[in-house]
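*Asks:* Supplied in structure tokens, the structure appears directly below.
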Amino acid sequence: MLIEEHASLRMHPRGHRAHGSTPVAALKPGGPTTYNTRVKNNPGKPVPVRVGRETKGRGGKGVTVITGLRLSAAELEAIAGELKRRCGCGGTVKEGVIEIQGDQRDTIVAALRARGFDAKRAGG
């Protein structure tokens with residue numbers, strides 16, 4: 001298959017994909033459902049949910065990052081809303097990863113374990 005034939009692999013004239021790293025087909029309404037892009041697809045082995053903290057690109061302010069949830073975008077939004085209410089802070093879902101403002105790792109791990117996920121704290 002040639003790249004020119006497949007719309008989701010269309011490249012920007014400067015050599016990168018249009019709109020960052022998201023394929024063009026995923027940006028169109030009715031495009032494919034996007035899942036967590038940071039998780040390797042290994043169907044035989046359950047992936048633990050990782051709850052870590054990042055400060056990159058945020059001016060030194062930390063966010064709690066939840067990766068490994070193999071859920072649809074609507075389910076991720078629902079869980080993110082519940083976690084934001086439980087922690088009393090803001091957050092978002094970006095590229096299949098939930099980001100909650102501040103260092104809320106312990107609260108989020110407890111909440112995810114209560115929902116039946118194999119949540120583990122990542123990092124220091």
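Values quoted throughout were computed directly from the atomic coordinates according to the rules given, and no laboratory measurement underlies them. Since we're looking at a predicted model, the values are computed, not measured. Virtual Cβ from ideal backbone geometry, glycine too; neighbours counted across all protein chains shown.
*Asks:* If amide hydrogens are placed 1.01 Å from N in the peptide plane, which non-local residues have theirs closer than 5 Å to the one on Ala122?
*Replies:* Val51, Gly52
*Asks:* Another question about this same structure. Under a Cβ-Cβ cut-off of 13 Å, what is the net charge of the residues other than Arg121 that fall near it, where Lys and Arg count +1 and Asp and Glu count -1?
*Replies:* It works out to a net charge of +2.
*Asks:* Only counting other Cβ atoms within 10 Å, I'd like Leu76, Leu71 sorted with the fewest neighbours first.
*Replies:* Lowest to highest Cβ neighbour count: Leu71, Leu76.
*Asks:* A further question follows. Can you sort Thr92, Thr55, Thr67 from fewest to most other Cβ atoms within 10 Å of each residue's own Cβ?
*Replies:* Thr55, Thr92, Thr67
*Asks:* Here's something else I'd like to know. Tabulate in residue order the Karplus-calculated ³J(HN,Hα) for the range 57-66, using 6.51 cos²θ - 1.76 cosθ + 1.60 with θ = phi - 60°, rounded to whole Hz; enter x for Gly and Pro.
*Replies:* For the range 57-66, the Karplus curve yields x, 10, x, x, 7, x, 10, 8, 10, 10 Hz.
*Asks:* Quickly work out the Glu95-to-Arg70 label distance, labels modelled 7 Å from Cα along the C-beta direction, and quote it in nm with one decimal.
*Replies:* Once both label points are built, they end up 2.1 nm from each other.
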